[in-house]
Amino acid sequence: MIYPKKISAKKTEKLLKYLILLSVAIAILLVIINKLTTPKIHWAAICNAGIIYAWITVMYSINKNINIAGHVMIQTIALSLLALYVDYALGNKGWALNIAIPIAIIIANTTMFFLTIVSSRRYIRYAIYQLIILIFSILPIIFIYEGMVKNIMLSYTAIGISFANFIITMLLSANDVKDEIVRKFHL
């Protein structure tokens, strides 16, 4: 046999429904165990946030028209929200704003930079996601301005990498961007 057997779409949908039901049952079981054993520590909520994060990732990855840049954007936002929730559930120590979100922004921008270099001819497919990640990268400026961040060096590094990445990708793909703008707006 040269090619492996493919699972039919109907079987895949059925399997996904069973797995979602299993995830919901596990989430409910975790809440019940949490309430019976340690009601003052909400560890089940952190586990359930992880289950939701995993399903966001799985459902987005299963999409047949997957765009790697879109996947990077969704992962960055979902990971940042999960880190914020875990930080809040553990007593709001501030590590999500000081460390987790800036690192997620740095990794997302580095990934987008490599995507642009590898597929510079298809940069337009990634441009909107690059802009959304750039806008998301402005959050550390707000956190610094509001005094929510104690260690500002990592946040400034994330902001600098974001703007440098945007400028470099625009320089590498300037002709493609110009051609696309002319084509879209008939200039």
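The values are calculated or read from the model by the stated rules, or taken from the named source; none is laboratory data. Remember, it's a predicted structure, so these values are computed and weren't measured experimentally. Cβ coordinates were reconstructed from backbone atoms using ideal geometry, including for glycine residues, and neighbour counts include every protein chain displayed.
Brief remarks follow.
- Hits in the range 125-148 - residues which are aliphatic (A, V, I, L, M), closer than 11 Å to Ile101 by Cβ and not in a helix (DSSP H, G or I): Met148
- Taking the range 1-113 as the region of interest, the helices (runs of 4 or more DSSP H) fully inside it that hold 2 or more residues being surrounded by 13 or more Cβ atoms within 10 Å (Cβ to Cβ) and modelled with pLDDT under 85 are 43-62, 68-89.
- Long-range neighbours under 9 Å by Cβ, at least six apart or interchain, first residue within 13 Å of Gln130 (Cα to Cα) within the range 161-187, second surrounded by fewer than 10 Cβ atoms within 10 Å (Cβ to Cβ) and modelled with pLDDT under 70: Ser173/Arg121
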